[in-house]
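Trainee: The structure follows.
The values are calculated or read from the model by the stated rules, or taken from the named source; none is laboratory data. Bear in mind that the values here come from a model prediction, so they are computed numbers and not experimental data. Cβ placement follows ideal geometry from the backbone for every residue including glycine, while neighbour counts extend to all protein chains displayed.
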Amino acid sequence: MGAETLDRPDAESLRVLERESQRAGSGLRRDDLIGAWRLKQVWGKGRSDPSRAAGVSLRALSASLELLPAEDGSLNIHNSVALGALKLVFLGSADLRGRRPLLVFTFHALRVSLGGQILLSLALPRSMEGRQPFFALIASRSTTAGHRWLAARGRGGGLALWIHDKVGSS
């Protein structure tokens, strides 16, 4: 991936990296993704300015993505939001596909907890093949401060930037 650092990439910088990843692949592997990621910024489809409302609300809700190694070589995915001690977590599995690659995932359960106590756990219907959500992985870099970020475009066309969270909490 090289020694390039982009401490706060903007939409245009990410589009340049996205074109490169479409052409040559991002080079990201499973091990590059493992860990907890806090949502930092989102851009709507085709937008060059970040979505302030979505960004503020998702950060206020502590939106995070956690990717953990699974025994079969795939990944376990936990996508969560929290408001104080109330936490909503979607649990599922994810796989990398293709050269770019795509992180294709499916959620199989929803868990609601309060202060660590599970209040509700529901099984979710399985996504139809070919209709699963995904993130087209664009790039991951280290900042001059030693943090890592990850950029990806979702199935709906939005662009997201996550910061690696050394703590993790699903």
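Trainee: So which of ARG111, ARG155 ends up being under 23 Å from LYS40 (Cβ atoms) and basic (Lys, Arg)? Before you say what the answer is, go through the steps one by one.
Mentor: Working: ARG111 fails: under 23 Å from LYS40 (Cβ atoms).
So the residue among ARG111, ARG155 that is under 23 Å from LYS40 (Cβ atoms) and basic (Lys, Arg) is ARG155.
Yes/no matrix, rows are residues, columns are (1) touching a Ser or Thr at 6+ places or on another chain (Cβ under 9 Å); (2) over 28 Å from GLY25 (Cβ atoms):
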{"position": "ILE77", "(1), (2)": "yes, no"}
{"position": "VAL89", "(1), (2)": "yes, yes"}
{"position": "ASP95", "(1), (2)": "yes, no"}
{"position": "GLY115", "(1), (2)": "no, yes"}
{"position": "LEU120", "(1), (2)": "yes, yes"}
{"position": "SER127", "(1), (2)": "yes, no"}
{"position": "GLY130", "(1), (2)": "no, no"}
{"position": "LEU137", "(1), (2)": "yes, no"}
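Trainee: Go through region 117-170 and count every residue that is part of a strand (DSSP E or B), among the aliphatic types (A, V, I, L, M) and either surrounded by 13 or more Cβ atoms within 10 Å (Cβ to Cβ) or in contact (Cβ under 8 Å) with a residue 24 or more places away in the chain (or both). Let's see the steps before the verdict.
Mentor: Initially, region 117-170 is screened for residues part of a strand (DSSP E or B), giving 117-123, 134-142, 148-154, 159-165.
Among the residues that remain, those that are also among the aliphatic types (A, V, I, L, M) are: 118-120, 122-123, 136-139, 150-152, 159-161, 163.
Still in the list and also either surrounded by 13 or more Cβ atoms within 10 Å (Cβ to Cβ) or in contact (Cβ under 8 Å) with a residue 24 or more places away in the chain (or both): 136-139, 150-152, 159-161, 163.
Within region 117-170, residues that are part of a strand (DSSP E or B), among the aliphatic types (A, V, I, L, M) and either surrounded by 13 or more Cβ atoms within 10 Å (Cβ to Cβ) or in contact (Cβ under 8 Å) with a residue 24 or more places away in the chain (or both) number 11.
Trainee: Would you mention how many residues in region 21-44 are in contact with a Ser or Thr (Cβ under 9 Å, 6 or more places away or on another chain) and among the polar types (S, T, N, Q)? If you could, list the steps in order and put the result at the bottom.
Mentor: Residues of region 21-44 that are in contact with a Ser or Thr (Cβ under 9 Å, 6 or more places away or on another chain), as a first pass: 26-28, 30, 32-33, 36-39, 41-44.
Going one step further and asking which of them are among the polar types (S, T, N, Q), we end up with 26, 41.
So the answer is 2.
Trainee: When residues of region 77-94 are filtered for being surrounded by fewer than 17 Cβ atoms within 10 Å (Cβ to Cβ) and farther than 21 Å from SER57 by Cβ, how many remain?
Mentor: Residues meeting the conditions: 1.
Trainee: If you don't mind, there's one more thing I want to ask. For the condition surrounded by 14 or more Cβ atoms within 10 Å (Cβ to Cβ) and either among the aromatic types (Phe, Trp, Tyr) or at pLDDT 95 or above (or both), what is the one hit in GLY27, GLY55, GLY35?
Mentor: On the way: GLY27 fails: either among the aromatic types (Phe, Trp, Tyr) or at pLDDT 95 or above (or both); GLY55 fails: either among the aromatic types (Phe, Trp, Tyr) or at pLDDT 95 or above (or both).
After applying the criteria, what remains is GLY35.
Trainee: All but one of (1) under 15 Å from the mean Cα position of the chain (by Cα); (2) at pLDDT below 95 hold for LEU68; state the number of the condition that does not hold.
Mentor: Every listed condition holds for LEU68 apart from (2).
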